[in-house]
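Asker: Handing you this structure, nothing more for now.
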Ligand code: NDP
């Protein structure tokens, strides 16, 4: 094991937030019970905000960025984990309050680790990443609502060509739902059709001004965008339908009324992946292992070196990333 390794560190230098590569040693890492040698991390929207400095994601400094990671346990003081175990970590405050995955090594609390399903390599787990795992939590939430059936009506996925959206389409299509993809990028239609989308609606159409109760269309939905698009999606949801919302790529506001909820019993289900329980995580990862076609996963994945992370951060914030970007930290 090398003495020093490279990590992307957010810090405060003379009152200014800086984001720079730094050489760390194992003694610099937090004193948690499990040391993981990281193989891959990913690029998520929140990582884009963190590494570009455009969002104050880190709540204490210095902070190693990267909200998720996959790798191998190399030291453990926990009875639950042994050397050689392959693990994945999503959320738990990584890159916010806890040091994260843009590093060759990280020390972590045992309870933050999820066992890597046999179906996936570390690279595939990070191709799924927090975005894909969140998409899986959203589909779980829709199924728990209990009133949406595969093959009956249309399920809407917004931000379709992004990380959450593309995995949500794959998971819903695998269970037999008719998926309509909402995207601002018509050039991604073939890609999205390949994942299982059967119908498309443009971002502009979903942004168009509409009343609080519009023509009923969606039996359910996964929303990664928020704002006007979510408000319109709710206003177009059928009686008893539900939208699982997890993102704010289009804005954190919600210019909506209560009418879809009180007149059509429409549900808005919030999904937070960061503090999801271990059982929610296991269930979401089991769905991914069962329903995500590794061949499709490869079509929505590209691998980039950690050295390019800042340019990649700008790319995801500009809405130009298609599918998932895996970050090779080796
Ligand atoms: P991506 O950038 O990969 O995808 C977001 C997609 O949203 C884009 O590809 C684009 O889709 C669409 N989009 C972007 N900007 C706009 C805009 N201004 N108006 C309308 N649509 C837009 O991000 P992720 O998929 O990784 O994440 C999506 C959202 O989910 C983010 O807000 C992220 O913070 C959030 N998130 C939340 C989690 C949670 O725990 N709640 C966990 C993970 C992510 P298209 O080109 O198809 O139109």
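Asker: For the stretch 177-265, which fully contained helices (runs of 4 or more DSSP H) count at least 3 residues that are under 24 Å from residue 298 (Cα atoms) and assigned by TED's automatic domain parsing to the domain that holds residue 163? Write out each step before concluding.
Answerer: Details: elements: 189-195, 203-207, 227-235, 259-264.
The qualifying helices (runs of 4 or more DSSP H) are 189-195.
Asker: Taking the residues in the stretch 116-132 that are touching a helix residue (DSSP H, G or I) at 6+ places or on another chain (Cβ under 7 Å) and over 16 Å from residue 283 (Cβ atoms) as candidates, determine which candidate is surrounded by the fewest Cβ atoms within 10 Å (Cβ to Cβ).
Answerer: Per the stated criteria, the residue is 124.
Asker: Buried (at least 20 other Cβ atoms within 10 Å of the Cβ), at pLDDT 95 or above and touching a strand residue (DSSP E or B) at 6+ places or on another chain (Cβ under 8 Å): which single residue out of 139, 74 fits that description?
Answerer: On inspection, the qualifying residue turns out to be 139.
Asker: Looking at the stretch 95-117, can you tell me whether even one residue there is farther than 22 Å from residue 279 by Cα, without any contact (Cβ under 8 Å) to a residue 24 or more places away in the chain and assigned by TED's automatic domain parsing to the domain that holds residue 30?
Answerer: No, because not a single residue in the stretch 95-117 is farther than 22 Å from residue 279 by Cα, without any contact (Cβ under 8 Å) to a residue 24 or more places away in the chain and assigned by TED's automatic domain parsing to the domain that holds residue 30.
Asker: Anything in the stretch 258-285 that is away from the ligand (no atom under 16 Å from the Cβ) and at pLDDT below 95? List them, or say none. Quick ask: steps written out before the conclusion?
Answerer: Looking only at the stretch 258-285, we keep the residues that are away from the ligand (no atom under 16 Å from the Cβ), and these are 258-267, 279, 282.
Of everything in the stretch 258-285, those that are away from the ligand (no atom under 16 Å from the Cβ) and at pLDDT below 95 turn out to be 279, 282.
Asker: Does residue 160 satisfy the criteria of being in contact with a strand residue (DSSP E or B) (Cβ under 7 Å, 6 or more places away or on another chain) and either assigned to a loop (DSSP other than H, G, I, E, B) or closer than 29 Å to residue 125 by Cα (or both)?
Answerer: Values: in contact with a strand residue (DSSP E or B) (Cβ under 7 Å, 6 or more places away or on another chain): yes; either assigned to a loop (DSSP other than H, G, I, E, B) or closer than 29 Å to residue 125 by Cα (or both): yes.
It is true that residue 160 is in contact with a strand residue (DSSP E or B) (Cβ under 7 Å, 6 or more places away or on another chain) and either assigned to a loop (DSSP other than H, G, I, E, B) or closer than 29 Å to residue 125 by Cα (or both).
Asker: Go through the stretch 23-60 and give me each residue that's more than 15 Å from the ligand (Cβ to nearest atom), assigned to a strand (DSSP E or B) and surrounded by 16 or more Cβ atoms within 10 Å (Cβ to Cβ).
Answerer: 24, 34, 35, 36, 37, 38, 39, 40
Asker: Go through (1) within 15 Å of the ligand (Cβ to nearest atom); (2) touching a strand residue (DSSP E or B) at 6+ places or on another chain (Cβ under 8 Å); (3) at pLDDT below 95 and name the single condition residue 309 misses.
Answerer: With (1) within 15 Å of the ligand (Cβ to nearest atom); (2) touching a strand residue (DSSP E or B) at 6+ places or on another chain (Cβ under 8 Å); (3) at pLDDT below 95 applied to residue 309, the lone miss is (3).
Asker: I would also like to ask the following. Working carefully through the options 179, 157, find the one that is surrounded by 21 or more Cβ atoms within 10 Å (Cβ to Cβ), at pLDDT 95 or above and more than 12 Å from the ligand (Cβ to nearest atom).
Answerer: Criteria check complete, one pass: 179.
The values are calculated or read from the model by the stated rules, or taken from the named source; none is laboratory data. What you are looking at is a predicted structure, and each value in this text was computed from that prediction instead of being measured. A quick note on method: Cβ atoms are made from the backbone with ideal geometry, for glycine too, and the neighbour counts reach across all protein chains shown.
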